[in-house]
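All of the numbers you see were taken from the coordinates with simple rules; none came from a lab. The structure presented is a predicted model; accordingly, all values stated were derived computationally and were not measured. Ideal geometry is used to build each Cβ from the backbone, glycine not excepted, and the neighbour counts take in all protein chains shown.
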């Protein structure tokens, strides 16, 4: 999976006031979580973070280059949570989680559905039920996404978690029977019947009117 470098600075103060001032100066408050040590409070550039998310909106490895009192250390991490302002959509906080290449990660991986046009050609309508699945694996084999081919699905059929193509060493933390996508009859196919009923109804009313005369 792709790795992107991101400069970060240790943050000595916490609370709403310092966090607000950091945002006003173009920085985003963040926390770096290390399961074996105390977490670190940081700030990262809002502009740098936006550029990273524009290039890649899925799982990515972030090599945090942390500056702390003149010393710089590199810490490999993954983004675990991004908080957005509900009004402006701006990033207001980020949680980073340290990666150990020898230990498994549990991550939600996006699903990319391919072949949907074939479903439409066959008169079906593809309904997506889940757009990501939770998997556990070593960082070295963690995928950006999982490609899912739905072109062979027919009307009434469904693709389930157990049908996913997985690399050896990956474990899906979802029910095997959970439905990811299914194919139903398109609404257009039922539309002519509805129109026919609408046409027949006025004709029936005309016949009743003639009978009364």
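Annotations
- Taking only the alpha carbons of region 3-84, we obtain Rg and Dmax values of 12.4, 33 Å in that order.
- Annotation: average projected area of region 76-177 is 8.7 square nanometres, based on the convex hull of Cα atoms across all directions.
- Helix 187-212 axis, angle to the chain major axis (alpha carbon atoms, nearest 10°): 30
- C-alpha center-to-center spacing [region 133-181, region 1-56] in angstrom: 32
- All Cα-Cα separations within the chain were binned at 10 Å from zero, giving a P(r) of 7, 24, 22, 18, 12, 7, 5, 3, 2, 0, 0, each value a whole percent of the pairs.
- Restricting attention to the chain, close to 75% of DSSP beta bridges with both partner residues there are antiparallel.
- Overall, the anisotropy analysis places region 37-113 in the oblate class: the square-rooted eigenvalues a ≥ b ≥ c of its C-alpha gyration tensor yield a/c not less than 1.5, with a/b not exceeding b/c.
- Ellipticity estimate at 222 nm from DSSP helix runs (n ≥ 4, -39,500 (n - 2.57)) divided over the chain, nearest 500: -7500 deg cm²/dmol
- Sorted peptide list for 19-25, 41-47, criterion being average Cβ within 10 angstrom, highest first: 41-47, 19-25
- The angle separating the long axis of helix 46-55 from the principal Cα axis of greatest extent in the chain is about 50 degrees.
- Tensor-based shape of region 78-138 (alpha-carbon gyration tensor, a/c under 1.5 rounded, otherwise prolate or oblate): oblate
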